Structure formats: structure tokens, C-alpha cells
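The values are calculated or read from the model by the stated rules, or taken from the named source; none is laboratory data. Just so we're clear, the structure is a prediction, and the values are computed from it rather than from any experiment. Neighbour counts run over all protein chains shown; Cβ positions are idealised from the backbone, glycine included. Side chains included, ligands, DNA and RNA excluded: accessible areas come from the protein's heavy atoms. Shrake-Rupley method; radii C 1.70, N 1.55, O 1.52, S 1.80 Å.
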Amino acid sequence: WDNADFSRGVGTTFYQEFRTLNTAKPPFVRDVEEKVRRYLRSSYSAAWTLKITWEKAPAYAARWDTRRTSTYQAILTTDGFRSYVLMLYQEGGMGWDYTRRAATNVLIGYT
């Protein structure tokens with residue numbers, strides 16, 4: 001993981017919260033539920049979901065390069081007992097220049 005830097009006015013962050021306990025679920029939440037069910041082979045019904053999108057985010061420090069940006073999402077979801085996160089990246093992966101990082105042995109994802 002690395003830091004995005006929005007200090008140069010490049011890039012945007014959006015979020016959308018879905019509270020779906022005892023309410024009709026929008027297609028987005030139904031899609032998230034289906035992915036959790038498919039990947040984990042278990043039943044799942046979301047009570048709450050949060051979608052965060054970083055669009056055209058430059059890497060820290062933006063003073064070096066604001067042309068190489070990345071768009072990615074984190075989707076957090078819970079049924080009140082179990083919680084999951086989906087990490088989605090633009091096609092082609094991260095667009096940041098990893099050769100400018102202190103460590104160049106980078107991976108996409110989390111542990």
C-alpha cells in the first residue's frame with residue numbers, strides 16, 4: 001500500500017454508504033453479496049456496505065508526478081457478524097511509478 005496525495009488538486013475521493021438491514025437492496029449491494037457468496041462459498045446478506053473510490057489519485061509525493069495516477073476502490077460490507085473487504089483496481093493495475101518508492105518490491109493487495 002502507498003499513500004495517495006491529493007495536495008496538488010489532482011484526483012478525487014468518493015464514498016457511498018448503503019444501509020440495507022430490513023430494506024430493499026440496490027443492485028450494487030446485491031452484486032457485492034453475490035461476490036462474497038461465490039468467493040467464500042457461504043450464505044451472506046449484507047446489513048451495511050460502504051464503497052470508497054479513489055479516482056485518478058497520484059502517489060505521494062505528488063510534486064514528483066501528477067500524470068501517473070491510479071483509480072481503485074475498497075468495498076467494506078458486514079452482516080453484523082462477519083465483515084469483508086473487496087479491493088478493486090483499474091484495468092492494468094496501479095499506474096503509479098513504483099521505481100520512485102523507497103522499496104521497489106511492491107504488491108497490490110493487503111494482509
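Here Arg30 qualifies as part of a helix (DSSP H, G or I) and open to solvent by 70 Å² or more (accessible area, probe 1.4 Å).
The lone criterion from (1) closer than 19 Å to Asn3 by Cα; (2) more than 19 Å from the chain's Cα centre (by Cα) left unmet by Phe14 is number (2).
Residues of segment 86-101 that are among the charged types (D, E, K, R) and open to solvent by 60 Å² or more (accessible area, probe 1.4 Å): Glu91, Arg100. Take Phe18 and tell me if it is free of Cβ contacts under 8 Å to residues at least 24 places away in the same chain and either exposed (fewer than 13 other Cβ atoms within 10 Å of the Cβ) or aromatic (Phe, Trp, Tyr) (or both). For Phe18, the condition - free of Cβ contacts under 8 Å to residues at least 24 places away in the same chain and either exposed (fewer than 13 other Cβ atoms within 10 Å of the Cβ) or aromatic (Phe, Trp, Tyr) (or both) - is not met. State whether the residues of segment 40-55 include one that is surrounded by fewer than 16 Cβ atoms within 10 Å (Cβ to Cβ), closer than 19 Å to Glu91 by Cα and of a type outside the set (A, V, I, L, M). For segment 40-55, residues surrounded by fewer than 16 Cβ atoms within 10 Å (Cβ to Cβ), closer than 19 Å to Glu91 by Cα and of a type outside the set (A, V, I, L, M): present.
Scanning segment 65-85 for residues that are of a type in the set (A, V, I, L, M, F, W, C) and either in contact with a Lys or Arg (Cβ under 6 Å, 6 or more places away or on another chain) or open to solvent by less than 80 Å² (accessible area, probe 1.4 Å) (or both) yields Ala74, Ile75, Leu76, Val85.
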